[in-house]
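Engineer: Mind looking over this structure? Questions follow.
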Amino acid sequence: MNQLDTQPTERGAHRPRVFISAAHKSSGKTTLTLGLCAALHARGHVVQGFKKGPDYIDPLWIGMAAQRPCYNLDFHMMQRGEIEQQFARAAADARISLIEGNKGLYDGLDLDGSNSNAAMAKLLGAPVVLVIDARGMTRGVAPLILGYQAFDPEIRIAGVILNNLGGSRHESKLRAVIEHYTDVDVIGAVQHDPGLQIAERHMGLVPANEQQAALIRIQHVGERIAAQVDLDRLLAIADSAPDCAVAVPSQAVATGETLRIGIAHDQAFGFYYSEDLDSLRAANVELVELDTLHAPALPQLDGLIIGGGFPEVFMEALEANLPLRQSIRGAIEAGLPAYAECGGLMYLSRSLAWQGKTCEMVGVVPGDTRMHDRPVGRGYANLQPTGDDRWQEANLIPAHEFHYSSLENLPADSIYAYQVKRGHGIDGQHDGYQLHNLLAAYVHRRGTGVQGWIAPFLNQVRAHKARAAA
């Protein structure tokens with residue numbers, strides 16, 4: 001895989017940006033962020049969205065609202081320099097960048113706050129707009145804002161958006177309190193409106209025949225937010241951000257033969273990082289989208305990727321497409337290099353059981369997937385290559401997982417790529433089931449970067465293709 005050329009193409013560039021955070025989770029950040037993206041895009045601005053943390057669902061909606069891919073920024077899976085370069089690259093041509101945080105402004109895993117939203121805002125030099133869920137609040141909003149300002153003076157809270165207001169009288173009281181006790185501007189006041197809510201259940205997967213409905217929904221949210229948030233003031237806050245010290249790295253031109261790699265992308269599967277898709281294309285990969293629900297067979301491919309998703313929701317349709325399941329199993333058993341994460345692992349297993357039903361899956365992984373009511377693996381993970389891993393990786397690998405299923409009945413002599421140092425994986429100790437040239441795991445890894453999965457996977461693809469041609 002071609003490495004990124006780190007020679008700078010731009011220094012001291014002005015990249016208007018705002019970090020959208022909150023006092024606590026479930027304050028309405030995502031709805032406001034995608035509404036702001038849609039509203040600014042409707043004005044004709046180029047808007048770049050970012051999401052802090054290992055999230056697939058929110059970025060899909062934010063990306064649709066901004067009409068360009070949303071990128072993840074994550075301290076666990078990215079080095080600080082990688083975060084800065086990813087931001088600089090994606091934001092280079094944007095009128096404004098909106099970075100949505102996760103949880104509260106100062107929340108994070110480490111006591112020192114080194115991986116918090118505040119730390120991300122500080123790293124990127126982004127002024128913060130604080131979303132405050134104002135339900136039941138009046139005078140207490142002032143000490144909340146003052147406390148957040150005082151906790152870390154290096155964080156600039158440049159404005160607040162009041163959310164879930166109980167009416168115009170409630171809004172007036174809060175505005176008066178904030179104006180009297182603080183120096184922070186109220187740049188938006190959003191009334192409680194059930195029509196702004198987007199159901200979280202499986203909301204990340206927008207099938208092609210529902211894309212228009214999703215866009216109409218986003219347009220409605222954008223119009224409501226535009227009517228209640230001062231977009232000009234938001235742009236002014238973004239313009240007040242300091243120039244970026246990080247140069248945009250130029251990408252080396254890929255050389256060598258193009259690789260045709262299938263990628264499952266349909267109603268059942270769609271969890272991929274935008275950065276990873278960019279990196280695959282930059283490495284001379286032709287991504288061939290595969291509809292696992294309807295495609296009759298695999299096309300001619302050099303490799304196959306099956307990411308995460310919700311195969312349990314579509315398990316009957318997946319089972320019904322027997323020709324494709326047989327085609328995938330035959331190709332992998334014949335040595336086709338394949339990489340699968342979470343939902344992809346579930347699809348490649350022998351069977352999938354959920355809500356009292358059991359459906360046959362591809363069957364190349366000799367185990368059975370069972371869904372549970374509570375998460376089995378959730379949060380950040382660390383993996384140590386076992387030494388038996390076919391990709392021959394050496395260093396501790398950062399990852400994350402979020403799965404409600406377990407993989408049962410695997411043979412005792414199964415070969416795993418990873419020993420789980422943190423997290424659950426397949427059995428609490430191992431992850432990364434290996435067979436032939438397949439690696440299938442519950443954990444999600446970042447594909448790009450020194451510890452990414454893309455480089456070793458493409459090395460395997462090229463080696464297999466060379467052997468086949470010899």
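The values are calculated or read from the model by the stated rules, or taken from the named source; none is laboratory data. If you're wondering where the values come from, they're calculated on a predicted model, not measured in any experiment. In this analysis, Cβ positions are derived from the backbone assuming ideal geometry, glycine residues included, and neighbour counts consider all displayed protein chains.
Engineer: Only residues that are more than 18 Å from Pro337 (Cβ to Cβ) and of a type in the set (A, V, I, L, M, F, W, C): list them for the range 278-296, please.
Structural biologist: Ala282, Leu293, Ala295
Engineer: Something else about it: Go through Asp291, Asp278, Asp302 for me and flag whichever is at pLDDT 95 or above and closer than 19 Å to Leu438 by Cα. Walk me through it before giving the result.
Structural biologist: On the way: Asp291 fails: closer than 19 Å to Leu438 by Cα; Asp278 fails: closer than 19 Å to Leu438 by Cα.
Exactly one residue qualifies, and that residue is Asp302.
Engineer: If you don't mind, there's one more thing I want to ask. Take the range 1-58 and flag every residue that is in a loop (DSSP other than H, G, I, E, B), within 21 Å of the chain's Cα centre (by Cα) and either modelled with pLDDT of 95 or more or not acidic (Asp, Glu) (or both). Walk me through how you get there before you give the answer.
Structural biologist: Going through the range 1-58, the residues in a loop (DSSP other than H, G, I, E, B) turn out to be 1-3, 9-12, 14-16, 23-28, 43-46, 53-56.
Narrowing further to those that are within 21 Å of the chain's Cα centre (by Cα): 24-28, 46, 53-56.
Correct list: His24, Lys25, Ser26, Ser27, Gly28, Val46, Gly53, Pro54, Tyr56.
Engineer: Touching a Phe, Trp or Tyr at 6+ places or on another chain (Cβ under 6 Å) and not in a strand (DSSP E or B): does that describe Gly425? I'd like the intermediate steps shown before the answer.
Structural biologist: Details: touching a Phe, Trp or Tyr at 6+ places or on another chain (Cβ under 6 Å): yes; not in a strand (DSSP E or B): yes.
Against the criterion (touching a Phe, Trp or Tyr at 6+ places or on another chain (Cβ under 6 Å) and not in a strand (DSSP E or B)), Gly425 qualifies.
Engineer: With Ile198, Ile178, Ile161 as the choices, which residue is modelled with pLDDT of 90 or more and under 27 Å from Ala90 (Cα atoms)? Outline the logic, then answer.
Structural biologist: Details: Ile198 fails: modelled with pLDDT of 90 or more; Ile178 fails: under 27 Å from Ala90 (Cα atoms).
From the options Ile198, Ile178, Ile161, the qualifying one is Ile161.
Engineer: Where residues in the range 94-127 are of a type in the set (Ser, Thr, Tyr) and surrounded by fewer than 20 Cβ atoms within 10 Å (Cβ to Cβ), which of them is nearest to Ile237 (Cα to Cα)?
Structural biologist: Tyr106
Engineer: Of the residues that make up the range 68-83, is at least one out of contact with any Phe, Trp or Tyr (no Cβ under 8 Å at 6 or more places or on another chain), assigned by TED's automatic domain parsing to the domain that holds Ile161, closer than 21 Å to Leu235 by Cβ and in a loop (DSSP other than H, G, I, E, B)?
Structural biologist: Step one: of the range 68-83, the residues out of contact with any Phe, Trp or Tyr (no Cβ under 8 Å at 6 or more places or on another chain) are 68-69, 74-75, 77-82.
Narrowing further to those that are assigned by TED's automatic domain parsing to the domain that holds Ile161: 68-69, 74-75, 77-82.
Now drop any that are not closer than 21 Å to Leu235 by Cβ, which leaves 68.
From what is left, the residues that are in a loop (DSSP other than H, G, I, E, B) are 68.
Within the range 68-83 (the criterion being out of contact with any Phe, Trp or Tyr (no Cβ under 8 Å at 6 or more places or on another chain), assigned by TED's automatic domain parsing to the domain that holds Ile161, closer than 21 Å to Leu235 by Cβ and in a loop (DSSP other than H, G, I, E, B)), the answer is yes, since at least one residue qualifies.
Engineer: Scan Gln451, Gln384, Gln429 and give me the residue that is without any contact (Cβ under 8 Å) to a residue 12 or more places away in the chain, over 20 Å from Arg350 (Cα atoms) and among the polar types (S, T, N, Q). Talk me through it step by step, then tell me what you get.
Structural biologist: Values: Gln451 fails: without any contact (Cβ under 8 Å) to a residue 12 or more places away in the chain; Gln384 fails: without any contact (Cβ under 8 Å) to a residue 12 or more places away in the chain.
Unique residue meeting the criteria: Gln429.
Engineer: Would the range 202-211 turn up any residue that is modelled with pLDDT of 95 or more and either surrounded by fewer than 20 Cβ atoms within 10 Å (Cβ to Cβ) or part of a loop (DSSP other than H, G, I, E, B) (or both)? Step through it out loud before you land on a result.
Structural biologist: First, pick out the residues of the range 202-211 that are modelled with pLDDT of 95 or more: none.
Checked the range 202-211: no residue is modelled with pLDDT of 95 or more and either surrounded by fewer than 20 Cβ atoms within 10 Å (Cβ to Cβ) or part of a loop (DSSP other than H, G, I, E, B) (or both).
Engineer: Kindly establish whether Ala119 is in the same structural domain as Phe50 (by TED's automatic domain parsing), under 27 Å from Leu396 (Cα atoms) and in a helix (DSSP H, G or I). So that I can check it myself, show each step before the final result.
Structural biologist: Details: in the same structural domain as Phe50 (by TED's automatic domain parsing): yes; under 27 Å from Leu396 (Cα atoms): yes; in a helix (DSSP H, G or I): yes.
Judged against the criteria, Ala119 is a match.
Engineer: Which of the numbered conditions does Arg390 fail, given that it passes all the others? Conditions: (1) of a type outside the set (S, T, N, Q); (2) under 21 Å from the mean Cα position of the chain (by Cα); (3) within 20 Å of Gly447 (Cα to Cα).
Structural biologist: (2)
Engineer: Look through Asp388, Asp373 and report the one residue that is modelled with pLDDT under 95 and more than 20 Å from His430 (Cα to Cα). Lay out the reasoning, then the answer.
Structural biologist: Details: Asp388 fails: more than 20 Å from His430 (Cα to Cα).
Unique residue meeting the criteria: Asp373.
Engineer: Exactly one of (1) over 19 Å from Ala399 (Cα atoms); (2) at pLDDT 95 or above; (3) in contact with a helix residue (DSSP H, G or I) (Cβ under 6 Å, 6 or more places away or on another chain) is unmet by Ile62. Its number?
Structural biologist: Looking at each condition in turn, Ile62 falls short on (2).
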